[in-house]
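*Asks:* The structure is given below, and queries will be raised subsequently.
What follows is calculated from the coordinates using simple rules that are stated; it is not laboratory data. Nothing here was measured: the structure is a model prediction, and the numbers come from that model. Methodologically, a virtual Cβ is constructed for each residue, glycine included, from the backbone with ideal geometry; neighbour enumeration extends over all protein chains shown.
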């Protein structure tokens, strides 16, 4: 069995795409996933599966969420090693220590090209800082995300791939949940 974490994009935010975590857990269990735990209400789950790849799980979860829950959204799946790698490659360790709520990891469907990352960096109009490693982008929002013009739509448009963001506190909770599974 392989342990994974799944991130849902854009649920339970601003009253849109409401899904209870109990319903989400039950949905994952009906698909045969084991040891399912949800973390926070923003759509994060840790579970074990019988060796399916992250890509295959993403497709399955997206299709079945649409069919069974009427939920059209994107799933981003990482196994325990991939999440540990994302944590270890954080290019902003000082910011993670000082103000983890203002450091965000954007989990991406595919790794952006260096030119796409440069285009995103050039598009920043505020004080945000972006770096990328593999299928993750790391962003420091020194003035907070709420008023930033560096939105997920801007990020996706410049990087050319879908993504979902979690702050460093949430990433740490998920990493801890994976290591205890």
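*Asks:* Angle between the Cα long axis of helix 114-123 and the longest principal axis of the chain, 0 to 90 degrees, nearest 10?
*Replies:* Long axis of 114-123 versus the principal axis of the chain: about 60 degrees.
*Asks:* Below 8 Å, C-alpha to C-alpha, sequence gap of six or more: please give me the relative contact order for region 84-179 in percent.
*Replies:* That works out to 38 percent.
*Asks:* When the scattering of region 2-82 is computed by the Debye formula from its Cα atoms alone, each counted once and equally, what is log10 I(q)/I(0) at q = 0.12, 0.15, 0.18, 0.23 Å⁻¹?
*Replies:* -0.28, -0.45, -0.66, -1.12
*Asks:* Mind telling me which of 166, 68, 78 comes out most flexible in a GNM of the chain, alpha-carbon contacts under 10 Å?
*Replies:* Looking only at 166, 68, 78, the biggest GNM fluctuation is shown by 68.
*Asks:* In a GNM of the chain with a 10 Å cut-off on Cα contacts, which of 83, 60, 103 has the highest mean-square fluctuation?
*Replies:* Per the Cα network of the chain with a 10 Å cutoff, 60 tops the list.
*Asks:* Given a cut-off of under 8 Å on Cα pairs at least six residues apart, what relative contact order in percent is computed for the chain?
*Replies:* Dividing the mean separation by the residue count of the chain yields 24 percent.
*Asks:* Listing 1, 21 from the residue with the fewest other Cβ atoms within 10 Å to the one with the most, what is the order?
*Replies:* 1, 21
*Asks:* Turning to a different aspect of this structure: Rg to Rh ratio, the chain, alpha-carbon atoms and Kirkwood radius?
*Replies:* 0.95
*Asks:* Also, quick follow-up: To the nearest 10 degrees, how steep is helix 21-30 against the longest Cα principal axis of the chain, on a 0 to 90 scale?
*Replies:* So the helix axis and the longest Cα principal axis differ by about 60 degrees.
*Asks:* At 37 °C and 0.692 mPa s, grab the translational diffusion coefficient of region 84-179 from Stokes-Einstein with a Kirkwood Rh over Cα pairs, rounded to a whole number in µm² per second.
*Replies:* It diffuses with D of about 247 µm²/s by this estimate.
*Asks:* At a threshold of 8 angstrom on Cα-Cα distance, excluding pairs fewer than six apart, so keeping six or more, what relative contact order does region 20-110 reach in percent?
*Replies:* So the answer I get is 16 percent.
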